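Working notes for the structure below.
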Amino acid sequence: MCGRFTLTVDTADLQEAFAGFQFPANVGPRYNIAPSQPVLVLPNDGTKRADFFVWGLIPAWAKDPTIGMRMINARGETLAEKPSFRGSYRYKRCLIPASGFYEWQQEPGARGKTPYYIRLKDQQPFALAGLWDEWLGPDGSQLKTCTIITTSPNALVKKIHDRMPVILRPQDYAAWLAPESRQPQELNPLLAAYPAEEMEAYPVDRLVNQARLDSPEMIRPAQAAG
């Protein structure tokens, strides 16, 4: 799964990485993004405008918005089958900009799990594949939410966890963000694991376990943390 990630660049860096999109002026570095928090999203709504959505998908048909806490991730292999995701897979896809993500490794004989920070070797921002939806509350309020798609891990992440988020190549952004309906057979090839040789991972301090904390200490190598 993907339960925490980072976005440590500013608006100027994002505009360079995702040319053609307009970004809010208040984008600042975040080192410990957690479920239920606002996350920056590039939706396929045709506006070319990034916005903040709540992390945890609430399908439009849901009666209880707390379902979102169980929908932070969507398995890429079953998107076309699951009622919670199949509509968004066809119509409401998005990019979720990130600088890195965390996974936790259970080491034999160790108490608790060790958090690892995983990023691209060139330390450039990248796009996680996501889905989004819009939920209408009983009072007429509108809430836009999203989920991160996961897949089987590459050789690097496999040593740490049995799932990883889908990272899209820039050349695939246009296909993923097409505003029209797309069939699963058109999209499924995009949901492969990112090449391990282009990524790196290292252990970090368990401070990241506390969702209320958010500072550069989160991504320092464990031996240098604190």
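The phi-based Karplus calculation (6.51 cos²θ - 1.76 cosθ + 1.60; θ = phi - 60°) puts the 3J(HN,Hα) values of the range 12-21 at 4, 5, 5, 5, 6, 6, 10, 4, x, 9 Hz, whole numbers, x for Gly and Pro. Counting only lysines at least 8 places from Lys144 when in the same chain, those with an alpha carbon closer than 26 Å to its own are Lys48, Lys63, Lys82, Lys92.
Residues whose amide H falls under 5 Å from that of Gln105, counting only those 5 or more places apart or on a different chain, are Thr114, Tyr116, with hydrogens built in the peptide plane. Among Phe101, Phe21, Phe85, the largest mean-square fluctuation in a Gaussian network model of the chain (Cα springs under 10 Å) belongs to Phe21.
Under a 5 Å amide H cut-off, with hydrogens placed 1.01 Å from N, Arg163 pairs with nothing among residues at least 5 apart or on other chains. For the range 1-47, the alpha carbon positions stretch 29, 22, 17 Å along the principal axes, listed from largest to smallest. The Cα center of the range 142-166 and the Cα center of the range 178-226 differ in position by 8 Å. Note on the range 69-155: Cα convex hull, mean projected area over all directions, 8.5 nm². Among Ser36, Ser99, sorting on how many other beta-carbon atoms sit within 10 Å of each Cβ, with the fewest leading, yields Ser36, Ser99. A simple charge model with +1 on the Cβ of Lys and Arg, -1 on the Cβ of Asp and Glu and nothing else charged puts the dipole of the chain at about 500 debye relative to its Cα centre.
A straight Cα-to-Cα reach below 18 Å connects Lys159 with the lysines Lys113, Lys121, residues fewer than 8 places away in its own chain not being considered. Taking the three principal axes of the alpha carbon atoms in the range 4-224, the coordinate ranges are 48, 37, 36 Å, sorted in descending order. Which is the longest run of the chain containing none of the GluC sites (Glu not before Pro) found in DSSP loop states (not H, G, I, E, B) with at most 16 other C-beta atoms within 10 Å? Formally, the longest exposed-site-free interval is 82-179. Dividing the summed -39500 (n - 2.57) terms of all DSSP H runs of n ≥ 4 by the residue count of the chain sets its mean residue ellipticity at 222 nm at -2000 deg cm²/dmol.
Counted residue by residue at 0.36 nm each, then reduced by the alpha carbon distance between them, the extension gain from Ser181 to Glu198 reaches 3.0 nm.
Couplings 3J(HN,Hα) for the range 143-148, derived from phi with the Karplus relation 6.51 cos²θ - 1.76 cosθ + 1.60 (θ = phi - 60°), are 10, 9, 10, 8, 9, 9 Hz, where x marks Gly and Pro. Near Tyr202, the amide H atoms lying under 5 Å from its own belong to Tyr117; only residues 5 or more places off or on other chains count, and H is placed 1.01 Å from N. Taking the Cα centre of the range 1-132 as origin and charging only Cβ (+1 Lys, Arg; -1 Asp, Glu), how large is the dipole, in debye to the nearest 20? Computed about the Cα centre, the dipole is about 400 debye. Suppose we flag trypsin sites (Lys or Arg not before Pro) only when DSSP calls them loop and at most 15 other Cβ atoms lie within 10 Å. Which is the longest uninterrupted stretch of the chain? In the chain, the maximal stretch lacking such sites is 160-211.
The numbers here are math on the coordinates, done by the rules we state, and not lab data. Given the structure is predicted, the values throughout are model-derived calculations rather than measurements. Every residue, glycine as well, gets a Cβ built from its backbone with ideal geometry; the counts of neighbours run over all protein chains shown.
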